[in-house]
1. For segment 56-159, compute Rg over Rh where Rg is the Cα radius of gyration and Rh is the Kirkwood radius from the inverse mean 1/r over Cα pairs.
2. What FRET efficiency, computed as 1/(1 + (r/R0)^6) with R0 = 25 Å and r the Cβ-Cβ distance, is obtained for Asp449 and Thr415, rounded to the nearest 0.05?
3. Taking the alpha-carbon centroid of each part, what is the distance from segment 175-230 to segment 425-465 in angstrom?
4. For segment 149-223, what number results from the quotient of the Cα radius of gyration and 2.2 N^0.38 Å?
5. Between Ala503, Pro245, Ala200, whose Cα lies farthest towards the positive end of the dipole of the chain when Lys and Arg beta carbons carry +1 and Asp and Glu beta carbons carry -1, centred on the Cα centre?
6. On a C-alpha basis, how far is the centre of segment 491-541 from the centre of segment 95-124 in Å? Whole number, if you could?
7. If I model a spin label as a point 7 Å beyond the Cα along the Cα-Cβ vector, how far apart are those points for Val530 and His68 in nm?
8. If eta is 1.002 mPa s and T is 20 °C, what Stokes-Einstein diffusion coefficient results for segment 1-65, Kirkwood Rh from Cα pairs, in µm²/s?
Amino acid sequence: MGKGFFNVPIAVNEPVMSYAPGSPEREAVSKTYKDMFNSQIDVPMYINGKDVTTGNTRTMSPPHDHKHIVGTYHLAEKKHVDEAIATALEARKAWSQMPWEQRAGIFLKAAELIAGPFRAKINAATMIAQSKTIHQAEIDAACELIDFLRFNVQFMTDIYMEQPESTSDAWNRVEYRPLEGFTYAVTPFNFTAIAGNLPACMALMGNVVVWKPSDSQIYSAKVIMDIFKEAGVPDGVINVVFGDPVMITDTVMASPDFSGLHFTGSTYIFKELWKQIGNNIHNYKTYPRIVGETGGKDFIVAHKTANAKQVATAIVRGAFEFQGQKCSAASRAYIPNNLWNDVKKYVIEDVKSFKMGSPEDMSNFITAVIHEGSFDKLAKYIDAAKADADAEIIVGGNYDKSKGYFIEPTVIVTTNPKYSTMCTELFGPVITIYVYDDNKYSETLKLVDETSEYALTGAILSTCRYAIEEATKTLQNCAGNFYINDKPTGAVVGQQPFGGARASGTNDKAGSAQNLLRWVSPRMIKETFVTPTNYRYPFLG
Ligand code: NAD
């Protein structure tokens, strides 16, 4: 930026549209859904600005109708990954020198494209690919992705403004260089917004990217690619490859120019990737940045002073929206015995009122889980709960994969606070509740702290400030996002930057300046105006 200190538009959160019956947005998304569902697309990879097909394809099907095919996508061979890396490094020469306002312009444009002409398309694609209800698609694929793109531009300029002190004879400047080499984004199935944000925020900071989306999200990843193209991301800056994650990762991480991993997904995979980077460390030209947001075993604790209806609503929304497939979804709850009868009654009433089915029918609150692997795993845990003496299913417990991967929202009550489903991330519509003696609040908080390896989200509900204070202190390290009198899901970009600690991740807070800082390498420049000509200091006489 040579000719002005430019202000970027002040970022505001994208308003969530209602999709109420009769609204124009509902009509638009329903029509788009039908058109997309009833046709087939062929999704190429995208390398150096070109569509790349390999002929080696896999089909794509909606989780709620798994025999129905909506298209195919092409799988990479090693040579395609090598090409993506080479292309990215070539593109870096121009992109890393591009003035920031040009980069900002591209991603602000992408946000506006999603807010307007692509809104129905990205929502419908997310409903089809990930089986989201229209509301879940809207808050993810449209609003959260728009927010990421807009707020990141603002955070980027905040970072650039961060400058050291200078004196009259020495001017100190910091420039926030992109990382040397190329970066690698590996994204999960569950949020279209995360899939778009991980590569975009690194590119925004001047980096070049190889992006590997989840196999279960390719249909909506294709819409993201189309938007980036139309917004003007130059060829080679973001390259998309599909296929065998091990081969792709091995190829990426074997490159001496690999300079950063931006991962969101499961904990085990992240740890394996970290280990692989460690094993290759002597081969790299720089120390790769590693950012990973992974699993959770997110909790709700109710104190005896809480309102039972509020607790039940937090459980029902926190555990079952998007079938519990949010990393922040509540999956264990600790309820005091004085509230239990009421909470139980309200939760059962609510769960029985849910309608389950295709997201095309907008009266459905519950749709399908992502794939057969997830379905089978959840069914196994539900069957075990039916058989185990220390567990009881109080509502739900049925499942059916004949048409789609449908699991009934299920509430398990256990007498064993360390029961398997109190500790293990299941990533589905299953919550386990432990009813505790209301006089044992402090002991229960310790139990919450010690029960899981994760520390992503958690919530305390209480009307007593002392109880809230005690939970805030005792649970300090149990959650990167901690909620008081709310459900533990629904973080909004710019309001509640998101990320967890312990096994949940590096806690670099997606949707904040902290995350963007990981993708730059500051260079300090000191300029001296009157350069000394004599080495002797005054003390030498
Ligand atoms: P996943 O770990 O199965 O897949 C994530 C990505 O890793 C995908 O692109 C996948 O293809 C890739 N992958 C799989 N195996 C790999 C390997 N051996 N090498 C390299 N890459 C590999 O996760 P998922 O099922 O897509 O997403 C669900 C998980 O993500 C849950 O654990 C959830 O908690 C977590 N998640 C966390 C956050 C967060 O912000 N903390 C957000 C969303 C999801």
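Every number in this text was worked out from the coordinates using simple rules, so none of it is lab data. Just so it is clear, the model here is predicted, and its values are computed rather than measured. A quick note on method: Cβ atoms are made from the backbone with ideal geometry, for glycine too, and the neighbour counts reach across all protein chains shown.
1. Values: Rg = 17.7 Å, Rh = 16.5 Å.
Reported Rg/Rh (Cα atoms, Kirkwood Rh): 1.07.
2. On the way: r = 20 Å, r/R0 = 0.80.
Given R0 = 25 Å and the Cβ-Cβ separation, E is 0.80.
3. Cα centres, segment 175-230 to segment 425-465: 34 Å.
4. On the way: Rg = 16.8 Å, N = 75, 2.2 N^0.38 = 11.3 Å.
Taking N as the residue count of segment 149-223, the ratio is 1.48.
5. The residue sitting farthest along the positive end of the dipole is Ala200.
6. 27
7. Placing both labels 7 Å beyond Cα along the Cβ direction yields 7.9 nm.
8. Numbers: Rh = 17.1 Å.
The calculation lands on 125 µm²/s.
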